[in-house]
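What follows is a single structure, written as structure tokens, with notes after it.
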Amino acid sequence: MSGHSKWATTKHKKAAIDAKRGKLFAKLIKTIEVSARVGGGDPSGNPTLYDAIQKAKKNSVPNDNINRAVKRGSGEGSDAVSYETIMYEAYGPAGIAILIECLTDNRNRAVSDVRIAVTRNGGTMADGGSVQRLFERKGVVEVSKTFEVEEGRKTVTKEVSEDELMEATIDAEPEDIVDEGESFEVISDPNALVDVRKAVQAAGIDYESAEVAFKADFNQPVELDDARKLFKILDALDDLDDVQNVYSNADISSEVMAALEDED
């Protein structure tokens, strides 16, 4: 029975991972479609589309899916799409601020689904502007501390330090470099995002993603019980097709994260 039980558990975990991957693919594809609609379908002249495509490739989205998304966003073919961006605001346990970015073709469905996901999991919807004022739009380039490059016929693993990253990007005037454990985030004014990303590339450093995101002005430390409740809300929101990104000002320590992982 133990073998069967282990197989069942493994199968369940794989199904959950596959479902998450499918939802991630859908969100990345939607970003490509919107980027192509706003700035045109040529990545060389549309840096937002370029970065959306690069992020999709990093997450193993097939090239055919990417190409079809660019065409749909550009208005080519019979399945051209149109989405609007809507921001919703909420509070989690202990007053944690939650900012929810939706990309949807149905505003009524989006607001209903978001409200249910928040309130059924112990959160409350907030008045417009009350949460968003706690966040600023920033350019964020994520760089892994280790990356692989091809040198001749060999694949070589290289490492990048915070000092190297600062030296590489200093002319692009980044505001900060944040150590996120396995990666760095280079934070900049949104208008400097492309310059920072190009500086990283010019230095021969690989990057995971480059996008405009919302960063909290201050972070709120979260204890284990509140973190547990918060993740119920975040997981429910992440499962919604219309939800593209979720931001919060929660500061969760490595000890609390380790305790949460032990519970899974």
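Look at region 212-233: where a residue is touching a residue at least 40 places away in the same chain (Cβ under 8 Å) and a partner is of a type in the set (S, T, Y) and assigned to a strand (DSSP E or B), sitting 6+ places away or on another chain with Cβ atoms under 6 Å, you get F214/Y247. Restricting the search to region 161-183, which residues are within 13 Å of S144 (Cβ to Cβ) and outside any helix (DSSP H, G or I)? S161, D179, E180, G181, E182, S183, listed by residue number. Taking the numbered list (1) crowded, with 17+ Cβ neighbours inside 10 Å; (2) assigned to a loop (DSSP other than H, G, I, E, B); (3) within 15 Å of the chain's Cα centre (by Cα) in turn, D241 passes all entries but (1). In contact with a Leu (Cβ under 9 Å, 6 or more places away or on another chain), crowded, with 19+ Cβ neighbours inside 10 Å and under 30 Å from P43 (Cβ atoms) - does that describe any residue in region 193-203? Yes, region 193-203 contains at least one residue that is in contact with a Leu (Cβ under 9 Å, 6 or more places away or on another chain), crowded, with 19+ Cβ neighbours inside 10 Å and under 30 Å from P43 (Cβ atoms).
Which residue, of S112, S44, is free of Cβ contacts under 8 Å to residues at least 24 places away in the same chain, over 21 Å from the mean Cα position of the chain (by Cα) and assigned by TED's automatic domain parsing to the domain that holds A236?
Values: S44 fails: assigned by TED's automatic domain parsing to the domain that holds A236.
Sole residue among the options that is free of Cβ contacts under 8 Å to residues at least 24 places away in the same chain, over 21 Å from the mean Cα position of the chain (by Cα) and assigned by TED's automatic domain parsing to the domain that holds A236: S112.
For region 73-84, does any single residue satisfy the condition of being surrounded by fewer than 17 Cβ atoms within 10 Å (Cβ to Cβ), at pLDDT below 95, assigned to a helix (DSSP H, G or I) and in contact with a helix residue (DSSP H, G or I) (Cβ under 9 Å, 6 or more places away or on another chain)? The answer is no, given that none of the residues of region 73-84 is surrounded by fewer than 17 Cβ atoms within 10 Å (Cβ to Cβ), at pLDDT below 95, assigned to a helix (DSSP H, G or I) and in contact with a helix residue (DSSP H, G or I) (Cβ under 9 Å, 6 or more places away or on another chain). With respect to E175, is the statement that it is at pLDDT 90 or above and surrounded by 13 or more Cβ atoms within 10 Å (Cβ to Cβ) true? Here the answer is yes, as E175 does meet what is asked.
Yes/no matrix, rows are residues, columns are (1) assigned to a strand (DSSP E or B); (2) aromatic (F, W, Y); (3) within 20 Å of the chain's Cα centre (by Cα):
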site: E185; (1), (2), (3): yes, no, yes
site: V196; (1), (2), (3): no, no, yes
site: Q201; (1), (2), (3): no, no, no
site: D206; (1), (2), (3): no, no, yes
site: R228; (1), (2), (3): no, no, no
site: I233; (1), (2), (3): no, no, yes
site: V246; (1), (2), (3): yes, no, yes
site: E255; (1), (2), (3): no, no, no
site: A258; (1), (2), (3): no, no, no
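Which residue out of V114, V141, V70 is touching a Phe, Trp or Tyr at 6+ places or on another chain (Cβ under 8 Å) and assigned to a helix (DSSP H, G or I)?
On the way: V141 fails: assigned to a helix (DSSP H, G or I); V70 fails: touching a Phe, Trp or Tyr at 6+ places or on another chain (Cβ under 8 Å).
One residue alone meets the criteria, V114.
The values are calculated or read from the model by the stated rules, or taken from the named source; none is laboratory data. All of these numbers come straight from a predicted model, not from anything done at the bench. Note that each Cβ is placed from the backbone with ideal geometry, even for glycine, and that neighbours are counted across all protein chains shown.
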